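In what follows, a single structure is set out as structure tokens and then discussed.
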Amino acid sequence: MKIHEYQARDLFTQYGIPVNDYILCRTPEEAEAAARKHDHLSVVKSQVLAGGRGKAGGVKLAKTPEEARQKAEHILGLTIKDYPVEKVLVCYAEEIEREHYLGMILDRARQGITIMATAEGGMEIEELAASDPDAIKMYTIYTHKGFDRGEVEAFLKPIFPEPAHLSQALDITEKLFRLFVETDASLVEINPLDLTPDGRLVALDGKVNFDDNAMFRQPEIEKLRNPEESSADEIEAREKDLSFVSLDGDIGCVVNGAGLAMATMDLIQHFGGEPANFLDVGGSSNPEKVAAALKIILRNPKVKAVLINIFGGITRCDDIAKGLLIARDRLDLNVPLVIRLVGTNQEEGRAILEGAGLTAGDDLNTAVRDVIAKAKEA
Ligand code: GDP
Ligand code: MN
């Protein structure tokens, strides 16, 4: 789950990481009034769930309140990486002596939380990683060992050689680590972490992503969720407890188990088709979930055929078959269905389907080829 910069700033403030106060504005007039609150240069920043806003013209400095209004008017008319800009943040602009980058990721390869830092911040870290990878320093914190101030200080020292800057950087890093762990983040970034000419470190930007699988125990973070992050279909699927991701192809997929769902998409592509979605109906056998899944898939006008791929373990094939019949009764099944049904209670499941005039196969390659052919015919 992603959040906006202004929401990240609120979290930074809660954790004591230095940021300047901001005002969130939806109109140019609000931006002008916000800039009037300080007698200083302002920065007007688009709030969209994407990085690289500066390069896209979505971050501008304004010398006067009138200029802030003009800049806001322009920015509110932009679309950045498919997100129309609906809000801008207006804030006191800091002077920049040096732009640092400070980030942390859940590092699966190293099985810890890796801190990344560089004194060459500002630009997107992916670009720096490509052009000058050695400039990015990394240090992994292992959760069983915890945050060792001495080690982290030694890690930060080459990047912040001045003692006064180092102690601030260490303090910010420690707070950011606490935020990371306590909110179940998967990534946090401060870019730029500004060193001001008078020697303060201030976060001028903030990005925080969270682990979706932990949101059940993070009600305060869950409240920060932004509807524009997900398609309407993904939102409905989440409410139905289905794991669903919209894709661009024309073959709908209903699969039990995330691994099998991935393998099914790979196989569709292998045989020359394009999946319309990733969908895992889960391990349980709830006929209503199958019906809900088909409903979401079938309202996508791009879908020309649907593949049901069930490998019943805990999932029972007879429950899946019942779900398919419920779906058929409720929905206008206007595209061909190809069903592959094997595993627990497969005979019962097939009998139910056959009684209703549907057939199910047992070979996955055959089913995938068949669904691709049907989608091409349509
Ligand atoms: P991003 O492009 O989406 O990462 O947006 P940022 O918030 O990082 O802003 C892009 C760039 O705008 C930064 O790298 C800075 O160079 C500049 N910028 C942002 N805030 C300020 C500020 O308060 N003062 C100054 N002088 N520049 C800023
Ligand atoms: Mn940035």
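In the stretch 204-228, how many residues are of a type in the set (V, I, T) and away from ligand 2 (no atom under 16 Å from the Cβ)? So that I can check it myself, show each step before the final result.
First pass over the stretch 204-228, keeping only residues of a type in the set (V, I, T): 208, 221.
From what is left, the residues that are away from ligand 2 (no atom under 16 Å from the Cβ) are 221.
Matching residues across the stretch 204-228 total 1.
Can you pull out every residue in the stretch 48-87 that is touching a Pro at 6+ places or on another chain (Cβ under 6 Å) and either touching a residue at least 60 places away in the same chain (Cβ under 8 Å) or surrounded by fewer than 18 Cβ atoms within 10 Å (Cβ to Cβ) (or both)? Give the derivation first.
Here is the first cut: in the stretch 48-87, the ones touching a Pro at 6+ places or on another chain (Cβ under 6 Å) are 69, 72-73.
Residue satisfying the conditions is E73 alone.
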Exercise. Can you spot a residue in the stretch 88-100 that is under 30 Å from I141 (Cβ atoms), open to solvent by 10 Å² or more (accessible area, probe 1.4 Å), more than 13 Å from ligand 2 (Cβ to nearest atom) and not in a loop (DSSP other than H, G, I, E, B)?
Worked result: yes
Seminar exercise, completed: Residues of the stretch 217-242 being surrounded by fewer than 17 Cβ atoms within 10 Å (Cβ to Cβ) and of a type in the set (G, A, S), in sequence order, are S231, A232
Seminar exercise, completed: Selection from the stretch 248-268 of residues exposed (fewer than 14 other Cβ atoms within 10 Å of the Cβ) and under 20 Å from A378 (Cα atoms) yields D248
Exercise. Can you name the residue in the stretch 15-47 that is of a type outside the set (A, V, I, L, M, F, W, C), open to solvent by 50 Å² or more (accessible area, probe 1.4 Å) and part of a helix (DSSP H, G or I) and, of all such residues, is nearest to ligand 2 (Cβ to nearest atom)?
Worked result: E30
For this session: Pull up the stretch 136-156, narrow it to residues that are in a loop (DSSP other than H, G, I, E, B) and of a type outside the set (A, V, I, L, M, F, W, C), then point me to the one that is surrounded by the fewest Cβ atoms within 10 Å (Cβ to Cβ).
Result: H144
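Can you tell me which residue within the stretch 352-365, out of those that are touching a residue at least 12 places away in the same chain (Cβ under 8 Å), over 34 Å from the mean Cα position of the chain (by Cα) and open to solvent by 60 Å² or more (accessible area, probe 1.4 Å), is nearest to G272 (Cα to Cα)?
As a first pass, look at the stretch 352-365 and keep what is touching a residue at least 12 places away in the same chain (Cβ under 8 Å): 352-353, 356, 358-365.
Going one step further and asking which of them are over 34 Å from the mean Cα position of the chain (by Cα), we end up with 352-353, 356, 358-363.
Among the residues that remain, those that are also open to solvent by 60 Å² or more (accessible area, probe 1.4 Å) are: 359, 362-363.
Details: T359: 24, D362: 21, D363: 18 Å.
Only one residue fits best here, namely D363.
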Problem set entry | Test result for I297, outside any loop (DSSP other than H, G, I, E, B) and at pLDDT below 95 | yes
Exercise. Which condition number in (1) open to solvent by 60 Å² or more (accessible area, probe 1.4 Å); (2) free of Cβ contacts under 8 Å to residues at least 12 places away in the same chain is the one that A129 fails?
Worked result: (1)
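What's the total number of residues in the stretch 235-274 that are part of a loop (DSSP other than H, G, I, E, B), out of contact with any Phe, Trp or Tyr (no Cβ under 8 Å at 6 or more places or on another chain) and touching a residue at least 40 places away in the same chain (Cβ under 8 Å)?
Within the stretch 235-274, the subset part of a loop (DSSP other than H, G, I, E, B) is 240-242, 247-250, 256-257, 271-274.
So of that shortlist, the ones also out of contact with any Phe, Trp or Tyr (no Cβ under 8 Å at 6 or more places or on another chain) come out as 240-242, 248-250, 271-274.
With touching a residue at least 40 places away in the same chain (Cβ under 8 Å) added as a condition, the list becomes 240-242, 248-250, 271-273.
Here the count works out to 9.
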Problem set entry | Odd one out for G57 among (1) more than 9 Å from ligand 1 (Cβ to nearest atom); (2) outside any loop (DSSP other than H, G, I, E, B); (3) out of contact with any helix residue (DSSP H, G or I) (no Cβ under 6 Å at 6 or more places or on another chain); (4) not aliphatic (A, V, I, L, M) | (2)
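The values are calculated or read from the model by the stated rules, or taken from the named source; none is laboratory data. The structure presented is a predicted model; accordingly, all values stated were derived computationally and were not measured. Neighbour counts are summed over all protein chains in view; Cβ atoms, including those assigned to glycine, are modelled from backbone coordinates with ideal geometry. Just so you know, the surface numbers come from the protein's heavy atoms only, side chains and all, with ligands and any DNA or RNA stripped out. Shrake-Rupley method; radii C 1.70, N 1.55, O 1.52, S 1.80 Å.
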